[in-house]
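Working notes, beginning with the structure itself.
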Amino acid sequence: LLNMAERSSLLIDRRSFFESVAKREAQSSTSTGGCALFHTEAPQPGLISSSFLLLGRAPRPLKVASLDGLAVDIFFVICCQDAALYRTVLTRLTKLILAGDMIRQLRLAPDGQTMRQTVIACEGRLLQ
């Protein structure tokens, strides 16, 4: 996922960003239910050129530190330049995950575009 962000010029300092996410994860895992919400402890505007959200699915679940001990196959990487947007995105994603079966739908999606459409549709239902 970070390779994709770096190729698109959204990620300015890959190493520092990765270290910041790893530091945050070392404090407490953001993985549960087979899904990870990777993010830095606070917005890092100097590490990214613009706010963005990455979504990826591993071909098979990966063993990572998680709150429930489950392997993870759905990954979100949250990258925001300001604190308000950062809190909004993190809160909204958490609500989406807890509200229904978005994660199951993401696992069944045949491609990235369908995964993106799934998140948008689930968000639309949440906001109704």
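The values are calculated or read from the model by the stated rules, or taken from the named source; none is laboratory data. Values in this document were obtained by computation on a predicted structure and should not be read as measured data. Here the Cβ is made from the backbone with ideal geometry for all residues, glycine too, and neighbour counts use every protein chain on show. These area figures cover heavy atoms from the full protein model, side chains too; ligands, DNA and RNA do not enter into them. Shrake-Rupley method; radii C 1.70, N 1.55, O 1.52, S 1.80 Å.
Under the rule of -39500 (n - 2.57) per DSSP H run of 4 or more residues, summed and divided by the residues of the chain, what mean residue ellipticity at 222 nm is obtained, to the nearest 500 deg cm²/dmol? The partial results should precede the final answer.
Working: 5 runs with 60 residues, N = 128.
-14500 deg cm²/dmol, from helical runs alone.
Helix 83-99 and the longest principal axis of the Cα set of the chain meet at an angle near 20°.
Compared with the dominant Cα axis of the chain, that is its longest principal axis, helix 14-27 is turned about 60°. Take every Cα pair under 8 Å whose residues are at least 6 apart in sequence, average their separation, divide by the length of the chain, and the relative contact order is 22 percent.
When the accessible area of the chain is computed with all protein chains present and a 1.4 Å probe, what percentage of it is carbon and sulfur? Could you put the intermediate results ahead of the total?
Numbers: 4080 of 7270 Å².
The computed percentage sits at 56.
Solvent-accessible area per residue in the chain equals 57 Å², computed with a 1.4 angstrom probe and all protein chains kept.
What does the net charge come to around C122 if you take all other residues with beta carbon closer than 12 Å to its beta carbon, with K and R at +1 and D and E at -1? Show your work: numbers first, answer last.
Numbers: positive: R92, K95, R104, R116, R125; negative: D101, E123.
Value of the local net charge: +3.
Sort L10, L127 by heavy-atom solvent-accessible area, probe 1.4 angstrom, most to least. Let's see the in-between values first.
On the way: L10 50, L127 105 Å².
I get L127, L10, largest accessible area first.
Between segment 1-25 and segment 53-124, what is the C-alpha centre distance in whole Å? Result: 17 Å between the Cα centres.
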